[in-house]
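The values are calculated or read from the model by the stated rules, or taken from the named source; none is laboratory data. As the structure is a computational prediction, the values presented were derived from the model and not from experiment. A quick note on method: Cβ atoms are made from the backbone with ideal geometry, for glycine too, and the neighbour counts reach across all protein chains shown.
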Amino acid sequence: MTTSFERETGATAISLLKTARDVNAKTSDSTPDERAQNTGAESSLGAQLRRARVERNLSLRDISDQTRISRRYLEAIEADDYKNLPGGIFNRSFVKAFAKSVGFNEADAIRAYERTARAQGETPDELPTSRQPSRLYTDGETARSPLVTIVLSVLILAVISLGVYAALHWYQRRHETRAEQPTQTNAPTANANTQAPATQQPTPTAPVATKGLNVQVKAKGEDVWLRTRVDAEPSTDGTLHADQVKDLTATDTLSLQYSKSKANALEVTINGRAALVPTDAKGKPLVEMLITKEDYARLLQQP
């Protein structure tokens with residue numbers, strides 16, 4: 001026969017079992033928000049995201065590069081300081097992107113964000129927008145003074161201008177050099193060479209030239225600029241180099257023009273006989289030695 005003590009013990013055990021079952025049922029049916037509240041919010045959203053980031057060995061710079069979110073905003077999320085975020089849907093997007101990049105459940109992150117925002121006395125969709133413009137920060141970023149930009153611009157323009165001036169100067173010098181090379185007839189240098197008065201000597205009778213004029217011109221020891229004209233042909237200009245000999249053949253007349261200062265550097269032979277080289281320019285820029293078939297003998301040196 002069952003005693004009253006045994007009946008009381010059995011009733012107490014049944015009551016304890018029912019109480020435990022009700023507690024388990026309430027715990028399993030509670031929402032994530034209720035579970036977070038029941039646990040006393042032992043870890044905020046920012047702390048959980050920071051812990052998840054550290055576990056994956058990621059820096060805020062890495063998260064910023066992945067999400068294109070300013071590092072300043074990421075720091076605000078980890079500090080649960082949502083008032084420094086742009087506000088509205090941007091906050092949700094930033095929290096969701098942050099959670100995704102560190103492998104945190106995005107839905108749980110959004111709920112935790114809303115709960116924290118309300119706890120701070122703000123409505124998640126109406127958080128004030130930060131007055132500070134959004135920008136992407138980089139490590140070691142420094143602001144450049146406008147004065148530095150102006151100085152650099154001036155230096156660059158100065159270098160370009162100097163290069164253009166040097167190119168123009170080189171081109172002009174090259175053009176002038178080419179212009180002086182062909183003939184130096186513009187202003188032949190006249191030296192104060194004193195010409196001895198010519199002594200009148202009897203002119204020998206020149207042999208009759210049956211084959212016209214054969215003239216040889218030689219530059220003695222230096223270059224001589226020379227202009228020649230054979231009969232009625234156009235004149236030609238050129239430089240007779242040192243010790244160079246030029247042969248000329250004419251039928252009736254032959255004209256040689258040269259600078260007065262170069263007269264003593266010329267040696268002229270007419271039909272095999274040495275000739276006197278005139279040095280008197282007669283007020284003209286160039287000295288002309290005119291050799292004709294009829295009277296070339298007047299230019300020959302006497303033996």
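Of all residues in the stretch 48-104 being of a type in the set (Gly, Ala, Ser) and in a loop (DSSP other than H, G, I, E, B), which is farthest from residue 119 (Cα to Cα)? Per the criteria, the residue is 59. Scanning the stretch 262-293 for residues that are assigned to a loop (DSSP other than H, G, I, E, B), in contact (Cβ under 8 Å) with a residue 60 or more places away in the chain and farther than 18 Å from residue 231 by Cα returns 279, 280, 281, 285, 286. For the stretch 247-263, taking the residues that are loosely packed, with under 15 Cβ neighbours inside 10 Å and of a type outside the set (Ser, Thr, Tyr), the one that is farthest from the chain's Cα centre (by Cα) is identified as 252. In the stretch 80-123, the residue that is farthest from residue 59 (Cα to Cα) out of those that are touching a Lys or Arg at 6+ places or on another chain (Cβ under 9 Å) and not hydrophobic (A, V, I, L, M, F, W, C) is 122.
Residue 224 versus (1) surrounded by fewer than 16 Cβ atoms within 10 Å (Cβ to Cβ); (2) under 22 Å from residue 283 (Cβ atoms); (3) not polar (S, T, N, Q): which is the lone unmet condition? In the conditions (1) surrounded by fewer than 16 Cβ atoms within 10 Å (Cβ to Cβ); (2) under 22 Å from residue 283 (Cβ atoms); (3) not polar (S, T, N, Q), residue 224 misses (1) alone. Of the residues in the stretch 105-160, how many are on the phi > 0 side of the Ramachandran plot and at pLDDT 50 or above? So the count comes out to 1.
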